[in-house]
Amino acid sequence: MTIGSIKECLEAHYYCGEEYQGDTLEYCYSCDLMSDVLAYVKNNVILLTGLVHPQVIRTAEMLDIRAIMIVRGKRPSEEIIEMAKEGGIVLMGTRHSLFTASGILFGNGMRGEEITHDENAL
Amino acid sequence: MKMHYDVEGGEFINVGTASSQFKKTLKMLGIGADIIRRISISMYEAEINMVIHANGGSIDTEITPERIHVVLQDQGPGIENLDLAMKAGYSTASRQAREMGFGAGMGLQNMKRNCDELQISSVLGEGTRVEITVYLNQES
Ligand SMILES: Nc1ncnc2c1ncn2[C@@H]1O[C@H](COP(=O)(O)OP(=O)(O)O)[C@@H](O)[C@H]1O
Ligand SMILES: [Mg+2]
């Protein structure tokens, strides 16, 4: 989906990065735990999260994640928005819950990360 | 090419500043995206650990034509049982660390998976030294 159509589907709004609305993303990862994001995100995803913290942007930056959707109507601070702008990351917000937002995107053909656990890791 | 970063403890808000700066440098040098990604993930996990478990420390990086080498040194509490710490899910992270989305006990595993060589030495009560190496020309 294009970032613009993701935004429409989730009745979302931009905090920054509107200029990237034509870019396409095929994968989505929904999570509040940044440790998991670091361990499992492989593809070019949009990150859906209810965690509003500068570390969300930092984590995205490290993984080359291009877009973040903050769910449940939570508001990022100016500092967070500034960090996203600096990193060229699209930051959006929706009132939907993590489950509903994920469901809507799944229904529109977005794919999830295939998580394969290391046998001896867990 | 060598670089040095000081990492503050306590300031959870700034975690990842060094990793972020180093990543920008690697990009400027035109290093391959997959290599940048692997070193960035490993270094960021290690930098997070240094802040949330050891009150900060210092990072020295070296880039040669063969490899990227990152050494993280802290004067924190040290790791009592390294085998246990390496186990996925094992974590002594504080509530504050968990609130910012860390402390799942998967960092060391994730570092090991993403770099080519990981060396950790730790002395209880003195500190921890983490060395991360990613080779530059082996895979295409
Ligand atoms: N630099 C460090 N200083 C002291 N203890 C550390 C350090 N790095 C890791 N540890 C210990 O190893 C454990 C596992 O680390 P890690 O796999 O990154 O998980 P997490 O950081 O989520 O707890 C930590 O919970 C901590 O007890
Ligand atoms: Mg960790």
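With all protein chains present, how much of the accessible area of chain B (probe radius 1.4 Å) comes from carbon and sulfur, to the nearest whole percent?
The C+S portion of the solvent-accessible surface of chain B is 48 percent.
Would you mind checking B:Lys23/B:Lys87; A:Lys42/A:Lys74; A:Lys85/B:Lys24 for any pair whose Cα atoms are more than 18 angstrom apart?
In this structure, B:Lys23/B:Lys87; A:Lys42/A:Lys74 lie more than 18 Å apart at Cα.
Based solely on its DSSP helices, what 222 nm [θ] is calculated for chain B when runs of n ≥ 4 H residues each add -39,500 (n - 2.57) and the sum is averaged over all residues, nearest 500 deg cm²/dmol?
One gets -11000 deg cm²/dmol as the mean residue ellipticity at 222 nm.
Going by accessible area, probe 1.4 Å, with all protein chains left in place, what is the ranking of B:Leu118, B:Leu108, largest first?
Highest to lowest solvent-accessible surface, that is B:Leu118, B:Leu108.
So which chymotrypsin sites (Phe, Trp or Tyr not before Pro) in segment B:48-140 end up in coil per DSSP with only 16 or fewer other C-beta atoms within 10 Å?
On the way: sites: B:Tyr90, B:Phe102, B:Tyr135; in loops: B:Tyr90, B:Phe102.
Of the chymotrypsin sites (Phe, Trp or Tyr not before Pro), the ones in loops of segment B:48-140 whose Cβ has at most 16 other Cβ atoms within 10 Å are B:Tyr90.
Summing +1 for each Lys or Arg and -1 for each Asp or Glu, what net charge is found among the other residues whose Cβ lies under 13 Å from the Cβ of A:Ile46?
-1
How do B:42-50, A:49-57 rank on mean C-beta neighbours within 10 Å, highest first?
Sorting B:42-50, A:49-57 by mean packing, highest first, produces B:42-50, A:49-57.
For segment A:1-109, which GluC sites (Glu not before Pro) are both in a DSSP coil and crowded by at most 15 other Cβ atoms within 10 Å? Mind showing how you got there, number by number?
Details: sites: A:Glu8, A:Glu11, A:Glu18, A:Glu19, A:Glu26, A:Glu61, A:Glu78, A:Glu79, A:Glu82, A:Glu86; in loops: A:Glu11, A:Glu26.
Loop-located and lightly packed - A:Glu11, A:Glu26.
Tell me the relative contact order for segment A:3-112 as a rounded percent, counting alpha carbon contacts under 8 Å between residues six or more apart.
34
For chain A, what is the mean residue ellipticity at 222 nm derived from helices alone (per DSSP H run of n ≥ 4: -39500 (n - 2.57); sum divided by total residues; nearest 500 deg cm²/dmol)?
Result for chain A: -9500 deg cm²/dmol, rounded to the nearest 500.
Only Lys, Arg, Asp and Glu count, each charged at its Cβ (+1, +1, -1, -1), so figure out the dipole size of the protein assembly as shown about its Cα centre, rounded to 20 debye.
With Lys and Arg at +1 and Asp and Glu at -1, about 480 debye.
Would you work out which of B:Ile36, B:Ala18, B:Ala85 lies farthest towards the positive end of the dipole of chain B? Charges go on Cβ: Lys and Arg +1, Asp and Glu -1.
The listed residue farthest towards the positive side: B:Ile36.
The values are calculated or read from the model by the stated rules, or taken from the named source; none is laboratory data. Every value quoted in this text rests on a predicted model; they were computed, and no experiment measured them. Every residue, glycine as well, gets a Cβ built from its backbone with ideal geometry; the counts of neighbours run over all protein chains shown. Just the protein is used for accessible areas: all its heavy atoms, side chains included, with ligands, DNA and RNA removed. Shrake-Rupley method; radii C 1.70, N 1.55, O 1.52, S 1.80 Å.
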